[in-house]
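These notes are about the structure you will find just below.
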Amino acid sequence: MLVERMRPFTSTIFTEISRLAARTGAINLGQGFPDTDGPASLLAGAAANITERGLNQYPPGPGVPALREAVAEHQRRFYGLDVDPDDVLVTTGATEAIAASLLGLCGPGDEVIAFEPNYDSYAATVALAGATLRPVPLRAPDFGFDDDELAAAFSGRTRVVLVNTPHNPTGAVFTSAQLTRIGELAVAHDAVIVTDEVYEHMTFDDARHVPMATLPGLADRTLTISSAGKTFSVTGWKVGWVHGPPELVGAARAVKQFLTFHGGAPLQPAVAEALALGDDFYAGITADLTRKRDLLSAGLRAAGFDMLTPRGTYFVVADPRPLGHDDGVELAWELPERCGVAAVPVSVFCASEAGAAATRPLVRFAFCKRDDVLVEAAERLATLRT
């Protein structure tokens, strides 16, 4: 009975692999969620909002004013952006922000450019809108894009360019030069830019996150999306936001109100307070995840994988071909039984056959786990050599 456009999306790889990990008792490094809670002040604030302050009914449609103001201040503090709180829309996670934006802006005959491999909701949401996805491949080892391939993806039908940086699943962080080129083509074809920046505070080494809205001439055509889930290790809260020009935010708001209406009333003020945490908190995210990245990467190398070191996010992509495996899907389904560790194949993040073929051997591991869990995972993975 399912409509044809949604038949390719009946399940997600995260659901399937997490179910397999639970059944086998494997360490789940497939789905991207931390195994520790966020800041104590954030959790205490939410609890008090529920039990003491009675913030348990519908919040205002655009979001609690305190959170919209906090998002605007966060953008000024970190990126120098002048954001009007009235142009901030609070959503049920970044996933809803992406869906509401695409559904509000796109329809049959429109095309959406996205870089693949990409987060799996992108293709599903484009299909829901009745639009067409135009994937542009990111290729190992640095997961950059080819300028000619990017330019060829644009046409008179291009309505939206969907940009995710820092990038899931590859861990790439687009440079200012790369983002400027994307912006030039968007301007030339009068396309809207929708950016997914949920890993904005998770960059490593010399990488630096650059919001596209900060680049000359792009703010008036860019919807910027982020969320609390990744930054504050509360992925189950699903508190996200989108900001941009009033007419673009208005398109997302028109759709959002008929998706989840409004939610997260006690969570939104707590997130507002957390966004104002000091620089030491944000620096701690980088330091903590850099250590975890290096810990798991060393274990994967010792197990025989070739490593593609990420510059952002909390995922690492590994190449198992030195171990004699050239099919990441097959390996991902075998790993929980063989060594008690779960990962996801990178090829499932690709909508095109060419993209799936290019990433066929690769698997993605999440390193947003406790150090002892990562050490245990590395020890289990080491058995693959034998």
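The values are calculated or read from the model by the stated rules, or taken from the named source; none is laboratory data. Just so it is clear, the structure is predicted and the values come from calculations on it, not from any experiment. Neighbour counts are summed over all protein chains in view; Cβ atoms, including those assigned to glycine, are modelled from backbone coordinates with ideal geometry. Note: accessible area is taken over every heavy atom of the protein model, side chains too, but ligands, DNA and RNA are not part of it. Shrake-Rupley method; radii C 1.70, N 1.55, O 1.52, S 1.80 Å.
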Please enumerate the residues belonging to segment 74-117 that are in contact with a His (Cβ under 8 Å, 6 or more places away or on another chain) and not acidic (Asp, Glu).
Gln75, Val83, Val88, Leu89, Phe115
Sole exception among (1) of a type outside the set (S, T, N, Q); (2) touching a strand residue (DSSP E or B) at 6+ places or on another chain (Cβ under 7 Å); (3) farther than 26 Å from Asp279 by Cα; (4) open to solvent by 10 Å² or more (accessible area, probe 1.4 Å) for Gly61, by number:
(2)
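Could you say whether any residue in segment 155-168 is part of a loop (DSSP other than H, G, I, E, B), within 30 Å of Gly30 (Cβ to Cβ) and free of Cβ contacts under 8 Å to residues at least 24 places away in the same chain?
For segment 155-168, residues part of a loop (DSSP other than H, G, I, E, B), within 30 Å of Gly30 (Cβ to Cβ) and free of Cβ contacts under 8 Å to residues at least 24 places away in the same chain: absent.
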Could you say whether any residue in segment 201-211 is polar (S, T, N, Q) and within 28 Å of Glu247 (Cα to Cα)?
no
Of all residues in segment 7-18 being free of Cβ contacts under 8 Å to residues at least 60 places away in the same chain and polar (S, T, N, Q), the one that is farthest from Phe258 (Cα to Cα):
Thr15
Report, by residue number, each residue of segment 118-159 that is closer than 25 Å to Ala318 by Cα, in contact with a Leu (Cβ under 9 Å, 6 or more places away or on another chain), surrounded by fewer than 21 Cβ atoms within 10 Å (Cβ to Cβ) and not aliphatic (A, V, I, L, M).
Pro141, Asp142, Gly144, Phe145
Please state which one of Val373, Val341, Val317 is under 23 Å from Tyr122 (Cβ atoms), β-branched (Val, Ile, Thr) and in contact with a strand residue (DSSP E or B) (Cβ under 7 Å, 6 or more places away or on another chain).
Val317
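Of these, Ala100, Ala44, Ala66, which one is among the aliphatic types (A, V, I, L, M) and under 30 Å from Gly355 (Cα atoms)? Can you show your working first?
On the way: Ala44 fails: under 30 Å from Gly355 (Cα atoms); Ala66 fails: under 30 Å from Gly355 (Cα atoms).
Answer to the selection: Ala100.
Considering only segment 275-283, I want to know if a residue exists there that is within 14 Å of Ala100 (Cβ to Cβ), open to solvent by less than 50 Å² (accessible area, probe 1.4 Å) and over 19 Å from the mean Cα position of the chain (by Cα). Walk me through it before giving the result.
Initial filter on segment 275-283 (within 14 Å of Ala100 (Cβ to Cβ)): none.
There is no residue in segment 275-283 that is within 14 Å of Ala100 (Cβ to Cβ), open to solvent by less than 50 Å² (accessible area, probe 1.4 Å) and over 19 Å from the mean Cα position of the chain (by Cα).
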Single condition Leu185 does not satisfy, out of (1) outside any helix (DSSP H, G or I); (2) open to solvent by 10 Å² or more (accessible area, probe 1.4 Å); (3) over 23 Å from Val271 (Cβ atoms); (4) of a type outside the set (D, E, K, R):
(1)
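Can you name every residue in segment 314-334 that is open to solvent by less than 10 Å² (accessible area, probe 1.4 Å) and either touching a Leu at 6+ places or on another chain (Cβ under 8 Å) or more than 17 Å from Phe14 (Cα to Cα) (or both)? Steps first, answer last, please.
Step one: list which residues in segment 314-334 are open to solvent by less than 10 Å² (accessible area, probe 1.4 Å), which gives 314-318, 320, 328, 331-332.
Listed by number, the residues that qualify are Tyr314, Val316, Val317, Ala318, Pro320, Gly328.
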Tell me, yes or no, whether segment 99-110 has at least one residue that is closer than 27 Å to Pro266 by Cα, touching a Lys or Arg at 6+ places or on another chain (Cβ under 6 Å) and open to solvent by less than 40 Å² (accessible area, probe 1.4 Å).
yes
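Which members of segment 167-201 meet the condition of being in contact with a Phe, Trp or Tyr (Cβ under 6 Å, 6 or more places away or on another chain) and within 11 Å of Gly312 (Cβ to Cβ)? Steps first, please.
Within segment 167-201, the first condition is being in contact with a Phe, Trp or Tyr (Cβ under 6 Å, 6 or more places away or on another chain), and the residues that meet it are 168-172, 185, 189, 201.
Hits for segment 167-201 are Asn168, Thr170, Gly171, Ala172, His201.
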Which number in (1) of a type outside the set (S, T, N, Q); (2) under 20 Å from Gly355 (Cα atoms); (3) out of contact with any helix residue (DSSP H, G or I) (no Cβ under 9 Å at 6 or more places or on another chain) marks the one condition that Ala177 misses?
(2)
Yes/no for Pro245 being farther than 25 Å from His167 by Cβ and of a type outside the set (Gly, Ala, Ser):
no
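Taking Leu128, is it at pLDDT 95 or above, within 21 Å of the chain's Cα centre (by Cα) and assigned to a strand (DSSP E or B)?
Values: at pLDDT 95 or above: yes; within 21 Å of the chain's Cα centre (by Cα): yes; assigned to a strand (DSSP E or B): no.
No.
Mind counting the residues in segment 226-254 that are open to solvent by less than 30 Å² (accessible area, probe 1.4 Å), β-branched (Val, Ile, Thr) and within 16 Å of Thr95 (Cβ to Cβ)? Show your work before the answer.
Start the filter on segment 226-254 by keeping residues that are open to solvent by less than 30 Å² (accessible area, probe 1.4 Å), which leaves 226-229, 231-232, 234, 239-245, 248-252.
Narrowing further to those that are β-branched (Val, Ile, Thr): 231, 234, 239, 242, 249.
Restricting the remaining residues to those that are within 16 Å of Thr95 (Cβ to Cβ) gives 231, 234, 239, 242.
The number of residues fulfilling the criteria is 4.
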Against the definition (at pLDDT 95 or above, under 30 Å from Thr158 (Cβ atoms), out of contact with any Gly (no Cβ under 7 Å at 6 or more places or on another chain) and not polar (S, T, N, Q)), how does Gly54 come out, yes or no?
no
Conditions: (1) farther than 30 Å from His189 by Cα; (2) free of Cβ contacts under 8 Å to residues at least 60 places away in the same chain; (3) touching a Ser or Thr at 6+ places or on another chain (Cβ under 7 Å). Glu111 meets all but one. Number of the miss?
(1)
